[in-house]
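None of the figures in this text is laboratory data; all of them are computed from the coordinates on show. This structure is a prediction, so every number in the text was calculated from the model and none was measured. Cβ placement follows ideal geometry from the backbone for every residue including glycine, while neighbour counts extend to all protein chains displayed.
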Amino acid sequence: MVATVPAFLAGGCNIVAPIAYAIEGPGTIDAEHHLLPVRTAVLVDDRDSILPRTALRVELGEAVGKTLLDEEVVPEVLATRDVIAYVRAQEREDARLSMQKIAEGLKVKQLIYVEVMSFDLVDRGGSPRPTATAYVKVLDIDGKQRSYPPADMIDGREVTAQIREVDPELYRTPSARRTVEDQLVTRLGRQIARLFFEHERLDLGENLQSR
């Protein structure tokens with residue numbers, strides 16, 4: 001006997017995901033890497049000024065750190081403002097500090113390095129679907145080695161974040177545009193943090209916001 005599909009499930013309606021979620025359960029994705037339970041810092045590198053506002057560097061680092069603390073992955077995360085201030089005070093234009101030196105100066109045992117690669121409010125197809133990408137690395141300070149990702153990912157683990165399509169008219173006002181930027185950078189931070197703890201495969205709230 002062939003099961004009949006209810007009419008409201010046809011046509012790819014967004015109601016499908018919540019129903020499947022309720023029937024089958026969420027399922028989970030394992031952590032890709034288990035962070036050490038030590039004092040940690042998040043360093044956001046945006047030397048090419050890809051982010052449209054300097055404040056977004058702070059927001060990105062704080063989104064990563066807050067999520068890790070909320071999930072009790074690490075016991076302490078240094079404030080991103082303090083990380084940025086320290087690096088600015090120590091670096092000269094002709095002499096970049098190594099991640100090891102930065103971490104040692106900050107007196108942290110673990111450093112999550114985030115290199116921003118793209119931050120676009122319009123995707124490549126021209127749709128107003130904000131998308132951001134970053135490369136992520138983790139440094140074990142006492143071990144003096146990169147603990148994540150594997151060596152074959154030379155540039156780091158690429159992470160991509162998207163939020164729902166927005167009304168292009170929002171981009172006409174600075175305040176509304178900043179709101180979209182804040183949402184995107186927060187989403188990217190959470191996606192980065194999720195590399196380090198088990199989480200639900202389907203985030204129901206985020207799916208309901210998708211188009």
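So the values come out like this:
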item	result
Rg and Dmax of the stretch 136-201, Cα atoms only, in Å	16.5, 51
The stretch 45-171: C-alpha gyration tensor shape, a/c 1.5 cut-off, then a/b vs b/c	prolate
For the stretch 53-211, with +1 on Lys and Arg beta carbons and -1 on Asp and Glu, the positive-most of Val114, Ser175, Pro149 along the dipole	Ser175
